[in-house]
Amino acid sequence: MGAVDAFVRTFSLIMEAKRLYIPALIFALLLAPVAAYLLPGEPSFEITPNQTTSGDVMIEQYGGDVEEEFLDYLTQLGKAFAVMTLISTIIGSIVQYAITKGTLLHESGKDYSLGELLIDGLKHLPGVVIIELIFMVVAISLAAVALIPAVLGALFLPWGAVLVLIGVLLLLAVLAITTSLTAIAIPLYADKGRISAAFEAFGMIFGNALSSLAFGVLLWVGVIAITMVTGPLSFAAEVILPAGIASYVSQFIQAPFNALLMEFLCVGGVVFYLEIQKMEELKKVDKELMELGIEI
């Protein structure tokens, strides 16, 4: 029940600590025009024939322009994502720490100001970036290991179909658990004030594997629900409005939902971290009672 309790508590806490939405919204609004400016429009892929003559015969060649246009589109897209990743990592890490710390303070009944939280987030920017990079590498590595059965199964189809299914299920389980793992890493850092504390997440998550798996899946459900609201609105803006302003309007429409998504993930991580702490304390009490010969 720990995962479900944490998931439900996340929404109630978002409503209680309304101020924590402000840093996330500011971040999303700042990123919106940058994304609209940097992200290239979809290529038209108009096929124009290249005409050449050989004697009295005219030869038309297709495809060269399309390939060139597509490669140019991918290059622009790659550059845009690189710049956006850099900006979102720097500013987003500050905001992520601020929301996380603010949630911890709210749950402990302490007062806080958004200015102090953002300054604190700036101070801890290097720590947040280091932790996120390390945990991202860990998540990718575990996902790669989980894919091994599926890869082996694909080499021996149709007899390997069972291995493929096992590999896919294992991958989903690993992704769910690593979602919970990365969710509580920053709360541990913000709570204890040292980077090494983030690595306690491994013991907490794998010691409560079923709850961690369930909470990871529930986080996915929340993310999908928010995205399902955002998608149609931004798509409508892209279709209805002129190309020059459509991307900007679309990004600004998405901004409030992106801010909610960021707050949801940060608050959810804190709530699940606190929930696991309670579960660990209950385990210790049960163990002490068993050592005393008392059964509950």
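The values are calculated or read from the model by the stated rules, or taken from the named source; none is laboratory data. All values derive from a computational prediction rather than experimental measurement. Ideal geometry is used to build each Cβ from the backbone, glycine not excepted, and the neighbour counts take in all protein chains shown. These area figures cover heavy atoms from the full protein model, side chains too; ligands, DNA and RNA do not enter into them. Shrake-Rupley method; radii C 1.70, N 1.55, O 1.52, S 1.80 Å.
Looking only at the stretch 115-127, which residues are more than 11 Å from residue 101 (Cβ to Cβ) and among the hydrophobic types (A, V, I, L, M, F, W, C)? Quick ask: steps written out before the conclusion?
Filtering the stretch 115-127 down to residues more than 11 Å from residue 101 (Cβ to Cβ) leaves 115, 122, 125-127.
Of everything in the stretch 115-127, those that are more than 11 Å from residue 101 (Cβ to Cβ) and among the hydrophobic types (A, V, I, L, M, F, W, C) turn out to be 122, 125.
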Residue ID - least open to solvent (accessible area, probe 1.4 Å), chosen from residues in the stretch 196-208 that are touching a helix residue (DSSP H, G or I) at 6+ places or on another chain (Cβ under 8 Å) and farther than 19 Å from residue 136 by Cβ: 208
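Taking the criterion of being at pLDDT 90 or above, of a type in the set (S, T, N, Q), open to solvent by less than 80 Å² (accessible area, probe 1.4 Å) and in a helix (DSSP H, G or I), would at least one residue in the stretch 71-79 satisfy it? Can you show your working first?
To start, the set of residues in the stretch 71-79 that are at pLDDT 90 or above comprises none.
No, the stretch 71-79 has no match at all.
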Quick one: residue 246 ticks every box in (1) touching a residue at least 12 places away in the same chain (Cβ under 8 Å); (2) surrounded by 15 or more Cβ atoms within 10 Å (Cβ to Cβ) except a single one, so which number is it? (1)
Out of all the residues in the stretch 94-129, which are part of a helix (DSSP H, G or I) and among the aromatic types (Phe, Trp, Tyr)? 97
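Can you tell me which of 181, 147, 142, 172 is closer than 24 Å to residue 214 by Cβ, without any contact (Cβ under 8 Å) to a residue 12 or more places away in the chain and in contact with a helix residue (DSSP H, G or I) (Cβ under 9 Å, 6 or more places away or on another chain)?
Details: 181 fails: without any contact (Cβ under 8 Å) to a residue 12 or more places away in the chain; 147 fails: without any contact (Cβ under 8 Å) to a residue 12 or more places away in the chain; 142 fails: without any contact (Cβ under 8 Å) to a residue 12 or more places away in the chain.
Selected residue: 172, the only one of 181, 147, 142, 172 that is closer than 24 Å to residue 214 by Cβ, without any contact (Cβ under 8 Å) to a residue 12 or more places away in the chain and in contact with a helix residue (DSSP H, G or I) (Cβ under 9 Å, 6 or more places away or on another chain).
So which of 275, 263 ends up being assigned to a helix (DSSP H, G or I), charged (D, E, K, R) and under 22 Å from residue 94 (Cβ atoms)? It would help to see each step written out before you state the result.
Values: 275 fails: under 22 Å from residue 94 (Cβ atoms).
When all the criteria are applied, what remains is 263.
Tell me, yes or no, whether the stretch 154-166 has at least one residue that is aromatic (Phe, Trp, Tyr), modelled with pLDDT under 95 and either within 24 Å of the chain's Cα centre (by Cα) or surrounded by 15 or more Cβ atoms within 10 Å (Cβ to Cβ) (or both). Spell out how you get there, then give the answer.
Going residue by residue through the stretch 154-166, those that are aromatic (Phe, Trp, Tyr) are 156, 159.
Next, from what is left, pick out any that are modelled with pLDDT under 95: 156, 159.
When the remaining residues are screened for being either within 24 Å of the chain's Cα centre (by Cα) or surrounded by 15 or more Cβ atoms within 10 Å (Cβ to Cβ) (or both), the result is none.
Checked against the condition, which is being aromatic (Phe, Trp, Tyr), modelled with pLDDT under 95 and either within 24 Å of the chain's Cα centre (by Cα) or surrounded by 15 or more Cβ atoms within 10 Å (Cβ to Cβ) (or both), the stretch 154-166 yields no hits at all.
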Selection from the stretch 209-243 of residues of a type in the set (Phe, Trp, Tyr), surrounded by 13 or more Cβ atoms within 10 Å (Cβ to Cβ) and free of Cβ contacts under 8 Å to residues at least 60 places away in the same chain yields 220
When the stretch 179-195 is checked residue by residue, the ones that are open to solvent by 10 Å² or more (accessible area, probe 1.4 Å) and in a helix (DSSP H, G or I) are 179, 182, 183, 189, 191, 192, 195
